[in-house]
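Q: Before we start, here is the structure in question, set down as structure tokens.
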Amino acid sequence: MILYQYPQSAIVDRPIPKKKLYEQGAANSKLKQKFIDEVAKITWAYKLSAGTLNIQTDTLFQEVQIFRIVARTADIDTKIIKYIDKLIPTPVIFEVVYNDKVQVVATYKRVSQADKSKIVLNKYYSSEWLADDQREPLPFVLNLSDLYTHLIEQLLPSITNDASLDQLKPPSQAIHPKAIDANTPSIAVSIVAKAELNPTARVSTNAAVSIEDKLKHVQQVESLTKQVNQLQKKVRKEAQFNRKVELNMRLHKLRDELNQLIAE
């Protein structure tokens, strides 16, 4: 996982008052308390767009926001991430900051094809904790879709045939939000304003497989891995010989299905 240094041309650096978020989303008292206990500061740090990055105009994504959350705890509640994300109609990459370390958290977010007034949020993934002062320049991309896809792909777990099944997890387990319902409506927020535009370099990248297909594949592997791990535990606990043989046969079948899926 690479932590990127976003260009000066994309800087917004605008604090987002927690009170503003409460009002926009009608947060209940329990969620407000979580914000108070776990979040010290929220900043709209960068706006990535064709203008701020000097790349080609994109028909799918016009902007990607970078939000920094200074946390009071390493185990910030995922409800906070989801609550903020649902309020912003454009994709958001979250950088959770705690003790000079940064954890990147995001979900693949797009407009529903069936209803343009709604957004679709995939499952969230998060990085390991990274040193905030060790960043690299953004990769060269043709458009914002390529960049956004790359940022999401970085968070996906590595899948290999020789990986330990019970270790097939996202890069970090400190934050692992659940998927959000596809019918979640988008709510426009007045905290997002126009940033200063300055040019940066422009090149192209090419993705052979769509990000949606990659996400589907990863989540199928995760689901089957979970089933295998659960069945392994049952096999270890089963005392009856005939039942143990039956469970082992099922386990071998599941392992074969998993290996075939990973090999795709």
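The values are calculated or read from the model by the stated rules, or taken from the named source; none is laboratory data. It should be emphasised that the depicted structure is a prediction, and the values quoted were computed from it without experimental measurement. Virtual Cβ from ideal backbone geometry, glycine too; neighbours counted across all protein chains shown. Keep in mind that these areas ignore ligands, DNA and RNA; they rest on the heavy atoms of the full protein, side chains included. Shrake-Rupley method; radii C 1.70, N 1.55, O 1.52, S 1.80 Å.
Q: Scanning for something open to solvent by less than 30 Å² (accessible area, probe 1.4 Å), of a type outside the set (S, T, N, Q) and without any contact (Cβ under 8 Å) to a residue 60 or more places away in the chain, does the stretch 97-104 turn up at least one residue?
A: yes
Q: Has the stretch 123-134 got any residue that is among the charged types (D, E, K, R), in contact (Cβ under 8 Å) with a residue 24 or more places away in the chain and touching a Pro at 6+ places or on another chain (Cβ under 8 Å)?
A: yes
Q: Just the residues that are open to solvent by 90 Å² or more (accessible area, probe 1.4 Å) and charged (D, E, K, R), please, taken from the stretch 233-245.
A: Those that are open to solvent by 90 Å² or more (accessible area, probe 1.4 Å) and charged (D, E, K, R): LYS233, LYS234, ARG236, LYS237.
Residue-wise test of (1) exposed (fewer than 13 other Cβ atoms within 10 Å of the Cβ); (2) under 16 Å from ASP85 (Cα atoms); (3) in contact with a strand residue (DSSP E or B) (Cβ under 7 Å, 6 or more places away or on another chain).
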position	(1), (2), (3)
SER9	no, no, no
ASP13	yes, no, yes
TYR22	no, yes, no
ALA26	yes, yes, no
LYS30	yes, no, no
ALA45	no, yes, yes
THR57	yes, no, no
LEU60	yes, no, no
VAL64	no, yes, yes
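Q: So if I check each of ILE180, ILE262, which one is farther than 18 Å from LEU151 by Cβ, assigned to a helix (DSSP H, G or I), at pLDDT below 85 and open to solvent by less than 50 Å² (accessible area, probe 1.4 Å)?
A: Criteria check complete, one pass: ILE262.
Q: Can you give me the number of residues within the stretch 118-138 that are assigned to a loop (DSSP other than H, G, I, E, B) and either closer than 26 Å to GLN219 by Cα or of a type in the set (A, V, I, L, M) (or both)?
A: 4
Q: Regarding LEU151, is this residue hydrophobic (A, V, I, L, M, F, W, C), within 30 Å of LEU231 (Cβ to Cβ) and either part of a loop (DSSP other than H, G, I, E, B) or modelled with pLDDT of 90 or more (or both)?
A: For LEU151, the condition - hydrophobic (A, V, I, L, M, F, W, C), within 30 Å of LEU231 (Cβ to Cβ) and either part of a loop (DSSP other than H, G, I, E, B) or modelled with pLDDT of 90 or more (or both) - is not met.
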